[in-house]
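Data first, discussion second: the structure below is written as structure tokens.
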Amino acid sequence: MENILIAGANGAVGQKIVNLLEASQYFNPVAMIRKEEQKKQFESRNIDTVVRDLEEDISGVTEGIDKVIFAAGSGGKKVVEVDQEGAKKLIDLSNKTKIKKFVMLSSMGADSPEDADELKEYLRAKHNADEYLKSSDLNFAIVRPGSLTDEPGTGKIILDSKLKSSGEISRDDVAQTLVRSLHNDSANYSVFEILKGDNLIATAMNKVSAT
């Protein structure tokens, strides 16, 4: 069983990722959280936790970890400090400890932030973090969803390296795609966009191609 560190485990997508990993026979979730008071909800379910702030020293968080999912975010408040530099810090640590795969939750528009009408600073931070991951020695999957919703997941998406239109996708389906990226070899060294669609996630992911 592989130990999976989830950065941003207390977030809306992060909690869904933890739930999926907890139910899996292949993975053991390790919830990376920012505050001590967030531990209780995970520890009550016997889920391992590590308390670290991405703006501070995070040394040691990848010890004993096999793979990482980065689902942390500042909610638009500290995009450079958290979404960019926090991600780069965790990528560096993952490199040092030879993590087997780093799965990044990014965003549609992160490939060309200068074209965005809004959220330009956020998309620039995500772009910089994505590029940093791509230039590392790590195996990676960079997943770029459209606008996130709280609609129930359908288990179906549309996926491509670059989709022709923007749109929405549920956090449930994003979480499932991120978790599938951990062990789907099609999603090695890959960057792809996802929206709600008509293809089963497993089927859609077979279309992923390496960068």
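A few remarks follow.
- Between region 85-120 and region 1-64, the alpha-carbon center distance in angstrom: 18
- Label point distance in nm, Val51-Lys134, each placed 7 Å from Cα along Cα→Cβ: 3.8
- Taking each DSSP H run with n ≥ 4 as -39500 (n - 2.57) and averaging over every residue of the chain yields -8000 deg cm²/dmol at 222 nm.
- Region 135-146 - phi-based ³J(HN,Hα) in whole Hz, Karplus 6.51/-1.76/1.60, Gly and Pro as x: 8, 7, 8, 7, 6, 9, 9, 10, 9, 10, x, x
- Derived value for the chain: Kirkwood hydrodynamic radius 16.9 Å. Basis is the mean of 1/r over every pair of different alpha-carbon atoms.
No lab work stands behind these numbers, since they all come straight from the coordinates. In this text, all values refer to a predicted model and were calculated from it rather than measured experimentally. Quick reminder, even Gly has a Cβ in these numbers, built from the backbone with ideal geometry, and neighbours come from all protein chains shown.
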